Amino acid sequence: MTLLELSGVSVHYGRIKAVSELTITVNEGEIVTLIGANGAGKSTTMRAISGIRPVSAGTITFAGEDITRLRADLRVVRGISQAPEGRGIFPGMTVYENLDMGAYARKDRKNLAAEMDHVFELFPRLAERRTQAGGTLSGGEQQMLAIGRALMSKPKLLLLDEPSMGLAPQFIQQIFRIITEINKEGTTVLLVEQNAQQALSRAHRAYVLETGSIVKSGTGKELLADESIKEAYLGVA
Ligand code: ATP
(Lines give C-alpha, C1' and ligand atoms only; values in the text may rest on other atoms or scores of the structure.)
Protein backbone atom coordinates (compact mmCIF):
# COMPACT_ATOMS: atom_id res chain seq x y z
CA MET A 1 0.00 0.00 0.00
CA THR A 2 1.23 3.49 -0.87
CA LEU A 3 1.97 5.50 2.27
CA LEU A 4 3.50 8.63 0.76
CA GLU A 5 3.17 9.99 -2.72
CA LEU A 6 4.74 13.09 -4.22
CA SER A 7 3.26 13.94 -7.54
CA GLY A 8 4.85 16.62 -9.73
CA VAL A 9 6.26 18.43 -6.70
CA SER A 10 8.34 21.56 -7.26
CA VAL A 11 9.90 23.75 -4.57
CA HIS A 12 11.38 27.21 -5.00
CA TYR A 13 13.65 29.39 -2.89
CA GLY A 14 12.70 32.77 -4.26
CA ARG A 15 13.32 32.43 -7.98
CA ILE A 16 15.56 29.38 -7.62
CA LYS A 17 13.81 26.13 -8.42
CA ALA A 18 15.44 23.67 -6.01
CA VAL A 19 13.32 20.64 -6.95
CA SER A 20 11.39 20.18 -10.13
CA GLU A 21 8.30 18.05 -10.71
CA LEU A 22 9.29 15.18 -8.47
CA THR A 23 7.19 12.06 -8.45
CA ILE A 24 8.11 9.69 -5.65
CA THR A 25 6.21 6.92 -3.90
CA VAL A 26 6.99 5.24 -0.61
CA ASN A 27 5.06 2.09 0.22
CA GLU A 28 4.18 0.99 3.71
CA GLY A 29 7.00 -1.02 5.27
CA GLU A 30 9.72 0.11 2.89
CA ILE A 31 13.06 1.81 3.33
CA VAL A 32 13.38 4.20 0.39
CA THR A 33 16.49 6.27 -0.12
CA LEU A 34 17.18 9.46 -2.06
CA ILE A 35 20.75 9.77 -3.19
CA GLY A 36 22.43 12.60 -5.05
CA ALA A 37 25.28 15.06 -4.94
CA ASN A 38 25.43 18.21 -2.80
CA GLY A 39 22.74 20.65 -3.84
CA ALA A 40 20.72 18.05 -5.77
CA GLY A 41 17.61 18.91 -3.75
CA LYS A 42 17.47 16.05 -1.25
CA SER A 43 17.04 18.15 1.88
CA THR A 44 14.54 20.40 0.12
CA THR A 45 12.44 17.34 -0.77
CA MET A 46 12.46 16.26 2.88
CA ARG A 47 11.45 19.77 3.98
CA ALA A 48 8.54 19.70 1.56
CA ILE A 49 7.36 16.38 2.98
CA SER A 50 7.63 17.49 6.60
CA GLY A 51 5.97 20.79 5.73
CA ILE A 52 8.83 23.12 6.67
CA ARG A 53 9.01 24.35 3.08
CA PRO A 54 5.91 25.04 0.96
CA VAL A 55 5.63 23.48 -2.48
CA SER A 56 5.10 25.68 -5.52
CA ALA A 57 3.50 22.94 -7.62
CA GLY A 58 2.31 19.37 -7.27
CA THR A 59 0.66 17.39 -4.50
CA ILE A 60 1.78 15.39 -1.49
CA THR A 61 -0.47 12.57 -0.32
CA PHE A 62 0.02 10.71 2.94
CA ALA A 63 -2.04 7.66 3.91
CA GLY A 64 -4.61 8.65 1.29
CA GLU A 65 -4.95 12.25 2.51
CA ASP A 66 -3.83 15.31 0.54
CA ILE A 67 -1.40 17.02 2.93
CA THR A 68 0.09 19.45 0.41
CA ARG A 69 -1.03 22.49 2.41
CA LEU A 70 -1.20 20.92 5.86
CA ARG A 71 0.80 22.61 8.65
CA ALA A 72 4.03 20.90 9.68
CA ASP A 73 2.90 20.21 13.26
CA LEU A 74 -0.26 18.54 11.99
CA ARG A 75 1.83 16.31 9.73
CA VAL A 76 3.58 15.07 12.88
CA VAL A 77 0.16 14.24 14.33
CA ARG A 78 -0.65 12.32 11.11
CA GLY A 79 2.50 10.23 11.57
CA ILE A 80 5.35 11.93 9.75
CA SER A 81 8.43 12.60 11.85
CA GLN A 82 11.75 14.01 10.76
CA ALA A 83 15.21 13.75 12.28
CA PRO A 84 16.73 16.81 10.60
CA GLU A 85 20.12 17.21 9.00
CA GLY A 86 22.59 18.79 11.39
CA ARG A 87 20.84 17.03 14.26
CA GLY A 88 18.88 19.98 15.69
CA ILE A 89 18.62 18.70 19.22
CA PHE A 90 18.10 21.03 22.19
CA PRO A 91 21.64 21.44 23.61
CA GLY A 92 20.60 22.84 27.00
CA MET A 93 18.08 20.09 27.72
CA THR A 94 18.95 16.66 29.03
CA VAL A 95 18.72 13.56 26.87
CA TYR A 96 15.54 12.64 28.71
CA GLU A 97 13.97 16.07 28.13
CA ASN A 98 14.94 16.02 24.46
CA LEU A 99 13.18 12.68 24.03
CA ASP A 100 10.15 13.92 25.93
CA MET A 101 9.91 16.89 23.53
CA GLY A 102 9.63 14.44 20.66
CA ALA A 103 6.37 13.17 22.07
CA TYR A 104 4.64 16.56 22.18
CA ALA A 105 2.26 15.71 19.37
CA ARG A 106 0.98 12.55 21.04
CA LYS A 107 -2.39 12.55 22.64
CA ASP A 108 -1.79 9.27 24.46
CA ARG A 109 0.95 10.17 26.88
CA LYS A 110 0.35 7.00 28.87
CA ASN A 111 2.65 4.78 26.82
CA LEU A 112 5.42 7.32 26.82
CA ALA A 113 7.58 5.44 29.30
CA ALA A 114 7.39 2.34 27.11
CA GLU A 115 8.42 4.35 24.06
CA MET A 116 11.29 5.92 25.96
CA ASP A 117 12.43 2.42 27.07
CA HIS A 118 12.26 1.31 23.46
CA VAL A 119 14.49 4.21 22.37
CA PHE A 120 16.92 3.37 25.18
CA GLU A 121 16.98 -0.25 24.01
CA LEU A 122 17.82 0.85 20.47
CA PHE A 123 20.42 3.33 21.75
CA PRO A 124 21.95 2.11 25.03
CA ARG A 125 24.37 5.06 24.92
CA LEU A 126 21.44 7.42 25.38
CA ALA A 127 20.23 5.46 28.40
CA GLU A 128 23.63 5.85 30.06
CA ARG A 129 23.53 9.57 29.38
CA ARG A 130 19.87 10.30 30.08
CA THR A 131 20.56 13.08 32.62
CA GLN A 132 23.34 14.69 30.57
CA ALA A 133 22.73 17.88 28.54
CA GLY A 134 22.26 17.14 24.83
CA GLY A 135 24.95 19.64 23.90
CA THR A 136 27.61 17.66 25.78
CA LEU A 137 27.08 14.51 23.70
CA SER A 138 29.42 13.49 20.89
CA GLY A 139 28.32 14.01 17.29
CA GLY A 140 27.30 10.38 16.92
CA GLU A 141 25.33 10.44 20.15
CA GLN A 142 23.54 13.64 19.13
CA GLN A 143 22.56 11.95 15.89
CA MET A 144 21.17 9.02 17.87
CA LEU A 145 19.28 11.46 20.09
CA ALA A 146 17.76 13.19 17.04
CA ILE A 147 16.56 9.83 15.69
CA GLY A 148 15.34 8.75 19.13
CA ARG A 149 13.42 12.00 19.50
CA ALA A 150 11.79 11.52 16.10
CA LEU A 151 10.74 8.01 17.17
CA MET A 152 9.02 9.32 20.31
CA SER A 153 6.05 10.47 18.24
CA LYS A 154 5.60 6.85 17.07
CA PRO A 155 5.73 7.84 13.41
CA LYS A 156 4.36 5.81 10.53
CA LEU A 157 6.97 7.47 8.34
CA LEU A 158 10.40 8.39 9.63
CA LEU A 159 12.33 10.94 7.57
CA LEU A 160 16.08 10.75 8.06
CA ASP A 161 18.26 13.43 6.51
CA GLU A 162 21.91 12.38 6.33
CA PRO A 163 21.99 10.30 9.52
CA SER A 164 25.59 9.22 8.86
CA MET A 165 26.92 12.73 8.24
CA GLY A 166 30.14 13.51 10.09
CA LEU A 167 30.15 10.27 12.03
CA ALA A 168 33.08 8.02 12.89
CA PRO A 169 33.01 4.69 10.99
CA GLN A 170 31.84 2.62 13.98
CA PHE A 171 28.85 4.96 14.45
CA ILE A 172 27.98 4.83 10.73
CA GLN A 173 27.62 1.04 10.81
CA GLN A 174 25.59 1.26 14.00
CA ILE A 175 23.21 3.93 12.69
CA PHE A 176 22.48 1.93 9.54
CA ARG A 177 21.92 -1.25 11.56
CA ILE A 178 19.48 0.60 13.78
CA ILE A 179 17.62 2.06 10.78
CA THR A 180 17.07 -1.47 9.49
CA GLU A 181 15.90 -2.55 12.93
CA ILE A 182 13.43 0.35 13.24
CA ASN A 183 12.09 -0.57 9.80
CA LYS A 184 11.72 -4.25 10.73
CA GLU A 185 9.65 -3.16 13.71
CA GLY A 186 7.17 -1.65 11.27
CA THR A 187 8.22 1.96 10.63
CA THR A 188 8.48 3.08 7.02
CA VAL A 189 11.68 5.02 6.37
CA LEU A 190 12.63 7.67 3.84
CA LEU A 191 16.35 8.21 3.97
CA VAL A 192 18.53 10.89 2.40
CA GLU A 193 22.17 9.91 2.20
CA GLN A 194 25.54 10.86 0.79
CA ASN A 195 26.77 7.43 1.84
CA ALA A 196 25.24 5.78 -1.21
CA GLN A 197 26.86 2.40 -0.67
CA GLN A 198 25.31 1.89 2.76
CA ALA A 199 22.01 3.53 1.86
CA LEU A 200 21.49 1.45 -1.29
CA SER A 201 22.41 -1.79 0.43
CA ARG A 202 19.86 -1.10 3.20
CA ALA A 203 17.06 0.31 1.02
CA HIS A 204 14.29 -1.59 -0.72
CA ARG A 205 14.10 1.10 -3.38
CA ALA A 206 15.97 4.25 -4.30
CA TYR A 207 15.69 7.43 -6.34
CA VAL A 208 18.65 9.34 -7.74
CA LEU A 209 18.31 13.14 -7.74
CA GLU A 210 20.36 15.41 -9.96
CA THR A 211 19.87 19.19 -9.97
CA GLY A 212 16.35 18.91 -8.66
CA SER A 213 15.07 16.08 -10.86
CA ILE A 214 14.88 12.33 -10.58
CA VAL A 215 17.18 10.78 -13.14
CA LYS A 216 16.94 7.16 -12.07
CA SER A 217 15.04 4.84 -9.76
CA GLY A 218 15.06 1.16 -8.95
CA THR A 219 15.63 -1.34 -6.19
CA GLY A 220 18.63 -0.78 -3.96
CA LYS A 221 20.27 -3.85 -5.52
CA GLU A 222 19.68 -2.65 -9.08
CA LEU A 223 21.23 0.73 -8.41
CA LEU A 224 24.19 -0.78 -6.55
CA ALA A 225 24.93 -2.79 -9.70
CA ASP A 226 24.34 0.12 -12.11
CA GLU A 227 27.56 1.21 -13.83
CA SER A 228 26.74 4.93 -13.98
CA ILE A 229 25.75 4.92 -10.29
CA LYS A 230 28.94 3.08 -9.38
CA GLU A 231 30.95 5.69 -11.18
CA ALA A 232 29.13 8.78 -9.90
CA TYR A 233 28.22 7.78 -6.34
CA LEU A 234 30.08 4.69 -5.24
CA GLY A 235 33.59 5.73 -6.10
CA VAL A 236 34.19 2.75 -8.37
CA ALA A 237 35.05 3.29 -12.00
P1 ATP B 1 23.11 18.83 0.60
O2 ATP B 1 23.48 17.41 0.65
O3 ATP B 1 24.26 19.75 0.37
O4 ATP B 1 22.21 19.27 1.71
P5 ATP B 1 20.79 18.62 -1.05
O6 ATP B 1 20.73 17.61 -2.13
O7 ATP B 1 20.09 18.32 0.20
O8 ATP B 1 22.29 18.98 -0.75
P9 ATP B 1 19.34 21.08 -1.05
O10 ATP B 1 19.92 21.52 0.26
O11 ATP B 1 17.96 20.61 -1.07
O12 ATP B 1 20.26 19.96 -1.69
O13 ATP B 1 19.52 22.25 -2.10
C14 ATP B 1 18.95 22.25 -3.40
C15 ATP B 1 19.18 23.61 -4.06
O16 ATP B 1 18.47 24.61 -3.36
C17 ATP B 1 20.62 24.05 -4.09
O18 ATP B 1 20.85 24.71 -5.31
C19 ATP B 1 20.72 25.02 -2.95
O20 ATP B 1 21.71 25.98 -3.18
C21 ATP B 1 19.34 25.64 -2.92
N22 ATP B 1 18.94 26.01 -1.56
C23 ATP B 1 18.85 25.18 -0.49
N24 ATP B 1 18.42 25.83 0.60
C25 ATP B 1 18.27 27.13 0.23
C26 ATP B 1 17.87 28.33 0.90
N27 ATP B 1 17.51 28.30 2.19
N28 ATP B 1 17.84 29.46 0.17
C29 ATP B 1 18.17 29.48 -1.13
N30 ATP B 1 18.56 28.41 -1.83
C31 ATP B 1 18.62 27.24 -1.16
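The values are calculated or read from the model by the stated rules, or taken from the named source; none is laboratory data. Predicted model, so just to flag it, every value in this text is computed and none were measured. Ideal geometry is used to build each Cβ from the backbone, glycine not excepted, and the neighbour counts take in all protein chains shown. Just the protein is used for accessible areas: all its heavy atoms, side chains included, with ligands, DNA and RNA removed. Shrake-Rupley method; radii C 1.70, N 1.55, O 1.52, S 1.80 Å.
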Q) After finding the eigenvalues of the alpha carbon gyration tensor for the stretch 20-158, what semi-axes result from the square roots of 5 times each, listed largest first in whole Å? A) 28, 18, 13
Q.
Can you tell me what percent of all Cα-Cα pairs in the stretch 163-237 are more than 16 Å apart?
A. 51
**Q.** Mean separation of Cα contacts under 8 Å (6+ apart) over length of the chain, as relative contact order %
**A.** 26
(Q) Taking 8 Å as the Cα distance limit and 6 or more residues as the minimum spacing, I'd like the relative contact order of the stretch 109-234 as a percentage. (A) 17
Q: Please calculate the 1.4 Å probe accessible area of Asp73, with all protein chains present, and give it to the nearest 10 Å².
A: 60
Q) If you average 1/r over all unlike Cα pairs in the stretch 115-198 and invert the result, what Kirkwood radius do you get in angstrom? A) 13.1
Q | Computed helical MRE - 222 nm, the chain, DSSP H runs ≥ 4 contributing -39500 (n - 2.57), nearest 500 | A | -10500 deg cm²/dmol
Q. Given N residues in the stretch 87-151, what is Rg(Cα) / (2.2 N^0.38 Å)?
A. 0.99
**Q.** Calculated FRET value between Glu21 and Arg69, using beta carbons and R₀ = 25 Å, to 0.05
**A.** 0.85
Q. If you line up the long axis of helix 112-122 against the longest principal axis of the chain, both from Cα atoms, how many degrees apart are they, to the nearest 10?
A. 70
Q: Note down the magnitude of the dipole of the chain about its Cα centre, charges +1 on Lys and Arg C-beta and -1 on Asp and Glu C-beta and zero elsewhere, to the nearest 20 debye.
A: 520
Q: Could you state the accessible area per residue of the chain in Å², with a 1.4 Å probe and every protein chain left in place?
A: 45
Q) Ignoring ligands and nucleic acids, what accessible area does Arg71 show with a 1.4 Å probe (Å², nearest 10)? A) 140
(Q) Projecting each Cα onto the charge dipole of the chain (Lys/Arg +1, Asp/Glu -1 at the beta carbon, about the Cα centre), which of Thr131, Leu191, Phe176 comes out farthest on the positive side? (A) Thr131
Q) By accessible area of protein heavy atoms, probe 1.4 Å, what ranking do Phe90, Phe171 get, highest first? A) Phe90, Phe171
Q: With everything on Cα atoms, drop me the angle between helix 139-151 and the longest principal axis of the chain, reported from 0 to 90° to the nearest 10.
A: 90
(Q) Given all pairs of different Cα atoms, what value in angstroms does the Kirkwood hydrodynamic radius of the chain take? (A) 18.0
